[in-house]
Structure formats: C-alpha cells, structure tokens
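Every number here is computed from the coordinates shown, using simple stated rules; none is lab data. For clarity, every value in this text was computed on a predicted model and none was experimentally measured. Glycine also receives a Cβ, built like all others from the backbone with ideal geometry; neighbour counts cover every protein chain displayed.
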Amino acid sequence: MAKRFFRSRENESGSKPDHLALAALQRMAVPTFVLDADGRVVLWNQACEKLTGIAAGDVVGTTEHWKGFYKEERPCLADLAFGRNPELVANLYAAQSRQMSGPDLRAENWCDLPTGGRHYLLIEACPIMDESGAIVAVVETLQDGTEQENKRLEQDEARQAQTAIVTEIGEALRGLADGDLAAELTTPFPSQYEPLRENFNYAVSHLRQTISSVIENTTQIDESCTDLLSASANLSERTGQQAANLQQTVASLTQIGEGLQATSEGAAKANHAIDETMAQARNSAEIVQDTIAAMKAIDDFSSQINQVVAVIEELAFQTNLLALNAGVEAARAGDAGRGFAVVAQEVRELAQRSAKESNGIKTLLETSKSQVRKGVELVDRTGESLQAIVEKAGVVDQIVASLASATVEHSRTVTDIQTSAKDLDQLTMQNAQMAEEGKDANQKLVDQARRLAAMLHRFEVETVSGSTATGVARAA
C-alpha cells in the first residue's frame with residue numbers, strides 16, 4: 001500500500017519513488033504511521049507494531065488505525081491534521097494540543113493501547129503537501145512519555161501535597177501566632193511527610209506544656225510576689241517601729257548613762273563618807289577602850305575603898321566594944337566615973353554611927369561596884385559593837401568601792417551600748433529605707449508578673465478534648 005502510494009506520487013510528480021525515505025520510515029525507531037488523503041493507513045512501521053501490538057497487515061489500507069490507541073472510534077491527531085474538523089482538535093486535545101510551525105500539530109494524550117495499560121503518548125502530525133499546497137498525506141509519529149508523565153504527575157501530586165501541607169502548617173502556625181496552642185495537625189500527611197506532622201504536633205505539645213507550666217508558675221509567682229509584697233510592707237512597718245523604739249532606747253540609755261554617772265559620783269562620796277565614819281568609829285573604839293580602862297580603874301579603886309570601909313567597920317566595932325567596956329568600968333567607978341561614962345556613951349554612939357555609915361558606904365560601894373561592872377560590860381559590848389561597826393564599815397567600804405568601780409565600768413559599758421545603739425539606730429533607719437525600697441521593687445515585680453500573666457493568658461493551651469496535652473512521642 002505504501003509502495004502504491006509512493007508510486008502514485010511518482011507518476012504525479014514524474015520522479016522516481018524515494019525508496020530510501022520509505023525504508024527510513026519503516027525502520028525508524030519512533031512509532032510512525034502515514035495516512036493518505038482519504039484517511040487510510042498507507043504505512044504502519046515496525047515500531048508502531050511493537051507499541052500497539054497490531055500488525056501492519058491488519059491496519060494498512062483501512063481507516064481503523066484508531067484501534068491502536070483508543071477503545072472507541074475517534075479521530076487521531078493525523079486525521080485532524082487534514083484540517084477538516086479543526087474544532088475537534090480543541091475538544092479532543094484541549095489541554096495537550098499546540099500548533100507547531102505551519103500546519104504541523106503536536107499533542108499529548110493518554111491512550112488505551114491493545115497491548116494493555118494506559119500510555120501517555122507524545123504525538124506529532126506533519127501534513128505532506130503537493131505542489132499546489134493540497135494535503136495529500138499526514139505522517140504521525142508517537143513517543144511513549146508514560147514514564148515522564150507519571151513522574152510529572154507524581155511531581156504534581158507531590159507539589160499539591162506540599163502545597164496542602166504548607167497551607168495546613170501555615171494555618172496552624174497562624175493559629176500559634178494568634179496564641180492558639182491547642183492547634184494540632186490531625187489530618188494524616190503522606191507517608192514521606194508524616195514525620196513532619198508528628199514533629200510539629202510534638203513541638204506544639206511541648207510548647208503547650210511549657211506555656212502551661214509558665215502560666216502556672218506565673219500564677220504562683222504572682223501569689224508569691226503578693227505575699228512578698230505584704231511581707232515587705234509588714235517588714236517596712238516593723239522596721240519603722242523598730243527604728244522608733246531604738247530612738248527611745250538610745251534616749252533611755254542616755255538617761256541611764258547620766259544616772260550611772262550620778263550614781264558613780266554618789267558612790268565616790270559615800271565611799272569618802274564611809275572612810276570618815278570608819279575613822280570616827282576607830283576613834284570611838286579607842287575612847288571606849290580608854291573608858292573600859294578607866295572603869296576598871298574605878299572598879300579597882302572601889303575595891304580599895306571597900307577595904308578601907310571594912311577597916312573602918314572593924315575600928316567602929318572595936319571602938320564600940322571599947323566604949324562598952326569603958327561604960328562598964330565607969331559604972332563600976334560610980335560617981336567618979338559618971339563623966340567618963342557619958343564620954344564613953346558618946347564614943348559608943350559615935351562608933352555605932354560610924355559603923356552605920358560604914359555599912360551605908362559599903363552598900364553604896366557595892367552598888368557602885370555593881371554599876372561599874374555593868375558599865376564595864378556595856379562599854380565592852382559597846383567596844384565590840386564599835387569593832388563590829390568598824391569591820392562592817394570596812395566591808396561596806398569595800399562594797400561601796402566595788403560599787404563605785406562597777407558603776408564607772410557600767411557607765412563606760414552603757415556609753416559603749418549607747419554608741420552601738422546609735423549605730424544600730426542608723427543601720428535600722430537604713431534598713432527601713434531599704435525595706436521601703438524593697439516594697440516598691442516588690443510592687444513593680446507584682447505588676448510585671450501580672451502583666452506577664454495577662455500576656456500568657458492570650459494563649460489557648462487546651463486541646464480539642466478539653467484537657468491539657470501530655471505530649472506525643474517524637475517522630476523518628
């Protein structure tokens with residue numbers, strides 16, 4: 001058929017048939033078939049037989065070339081290249097057709113080949129014209145672009161999947177930017193992108209946990225700062241009271257110091273007075289000793305007088321006895337002795353009076369001696385008392401001296417305490433100022449913590465189920 005076609009072309013043109021062109025088309029590796037002006041197949045090369053599985057003898061000379069590519073009869077691109085139905089090009093090859101240079105057409109299309117399976121063919125239809133410009137034949141070549149098209153479709157699907165993934169992740173990221181930490185990617189991604197979804201959910205879960213912990217800690221910080229502010233206020237108030245109390249203490253210590261100074265001076269005066277008292281007591285003790293000696297001398301003299309009185313009594317007794325004897329003798333003498341008897345009587349009476357007076361003197365001496373003994377005892381006791389007074393005065397003198405020394409030492413100690421109290425008062429005033437500054441700082445901290453809490457509360461940390469997420473396993 002092809003030979004007859006080319007032979008007719010030879011007769012019309014007056015040239016020899018191009019057997020080389022025929023052989024080239026027949027053996028060309030690109031599947032090729034040729035239609036004549038009537039739409040009949042005049043050439044179906046070996047590559048076309050291999051592609052479609054239809055032998056050339058079954059299709060050459062017929063218009064059933066469509067069976068090699070479609071299940072139902074429809075025009076091929078070579079049929080449309082004759083230009084009889086140009087609208088069919090757009091209808092049958094809407095998205096895959098394009099005009100080449102001149103009348104040539106190029107299209108891409110999925111075809112159901114008899115060999116089985118769908119193939120994506122790259123089709124070119126090139127009209128052959130005579131000298132008058134009339135189309136006398138069309139050569140259609142086909143290339144199997146199934147693998148490339150499948151790759152392109154896979155790439156398109158991948159791009160679409162990527163676009164969908166980017167869109168979904170973008171929406172989730174916008175949700176995160178708006179503070180919605182409950183946004184998770186729930187729709188599974190393609191297997192190659194599933195780790196991305198899991199890692200995103202893992203990151204969001206941990207971010208949600210972190211923000212939840214921060215919110216909780218911020219609440220605790222706010223409470224702690226509030227307590228700290230209250231404690232700082234109380235500390236400031238107590239420090240102020242302590243400063244006032246210390247000022248009063250300093251004033252009291254000043255008064256105590258002045259009192260101790262006066263006490264020290266009084267103790268010194270008392271010590272001097274006690275020294276004078278001890279001197280006077282020692283003099284009194286010496287006088288008492290002299291008095292005791294004098295009283296003893298009086299007692300001795302009374303004893304001597306008593307002895308003299310005893311002699312006088314003895315003399316009065318002897319005189320009375322002699323007067324009695326003289327009276328007896330005068331009585332014997334009668335009238336001659338009457339005058340002597342009177343004298344003897346007078347002497348006797350005088351002796352009796354002397355004896356009586358001697359007894360009185362003796363009684364007085366005994367009384368005087370008794371009183372002297374009592375006086376001696378009293379003077380002895382007075383001496384002992386004075387000695388005890390001297391000893392006690394010595395003890396008191398030591399105590400007063402110790403008291404004076406201790407008072408001086410206490411005065412120095414109080415002065416040191418007063419100085420320390422003044423320093424402590426200054427430190428307390430500084431502490432009060434620092435406590436007030438700490439109170440202001442704590443107030444600022446409370447305000448900042450509350451602002452932070454307000455900022456954190458813009459985040460939605462609840463999951464779709466309403467509970468705080470506990471995290472998911474990180475994708476490998």
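Results, tabulated for the structure shown:
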item: Test item: Cα-centred dipole of the chain, Lys/Arg +1 and Asp/Glu -1 on Cβ, debye; result: 520 debye
item: Charged-residue dipole, Cβ positions (Lys, Arg, Asp, Glu), segment 346-390 about Cα centre, Debye nearest 20; result: 100 debye
item: Mean-position separation - Cα centroids, segment 222-293 and segment 109-167, in angstrom; result: 118 Å
item: For the chain, calculated [θ]222 nm from helices alone, where every DSSP H run of n ≥ 4 adds -39500 (n - 2.57); result: -26000 deg cm²/dmol
item: Partner lysines for K422 [C-alpha distance under 26 Å; skip if fewer than 8 residues away on the same chain]; result: K439
item: Linear extension gain, Q387 paired with V328, 0.36 nm per residue minus alpha-carbon span; result: 14.6 nm
item: Listed values (i) 41, 24, 19; (ii) 173, 21, 17; (iii) 44, 33, 19, entry calculated as semi-axes √(5λ) of the Cα gyration tensor in Å; result: (ii)
item: Net charge of Cβ neighbours under 12 Å - reference N271; Lys, Arg +1; Asp, Glu -1; result: -3
item: Nearest-20 debye value, segment 138-220 charge dipole, Cβ charges on Lys, Arg, Asp, Glu; result: 380 debye
item: Neighbourhood net charge (13 Å Cβ-Cβ; Lys/Arg +1, Asp/Glu -1) for F33; result: -4
item: Gain on full stretching of the segment that runs from D290 to E131 - 0.36 nm per residue minus C-alpha separation; result: 38.3 nm
item: Förster radius 60 Å - calculated FRET efficiency between Q155 and R450 (Cβ-Cβ, nearest 0.05); result: 0.65
item: Net length gained if the chain between Q148 and E276 were fully extended (0.36 nm per residue, minus Cα distance); result: 32.4 nm
item: Dimensionless Rg ratio for segment 229-456, taking C-alpha atoms and the 2.2 N^0.38 Å reference; result: 2.71
item: Dipole of the chain, positive end: most advanced residue of V400, A56, H410 [Cβ charges, Cα centre]; result: V400
item: Positive-end extreme of charge dipole, the chain - chosen from A273, L22, C111 (charges on Cβ); result: A273
item: Cα-based reach from K71 at 30 Å (exclusive), listing lysines while leaving out same-chain residues under 8 positions away; result: K3, K50, K151
item: Signed unit charges on C-beta, dipole axis of the chain, positive-most listed residue G334, L386, S212; result: G334
item: Qualifying lysines (Cα of each under 21 Å from Cα of K269; at least 8 residues distant if same chain); result: K392
item: Summed side-chain charge close to A326 - residues other than A326 whose Cβ falls under 14 Å, Lys, Arg +1, Asp, Glu -1; result: 0
item: Those residues of segment 353-384 whose amide nitrogen sits under 19 Å from the label point placed on Q318, 7 Å along Cα→Cβ; result: 353-359
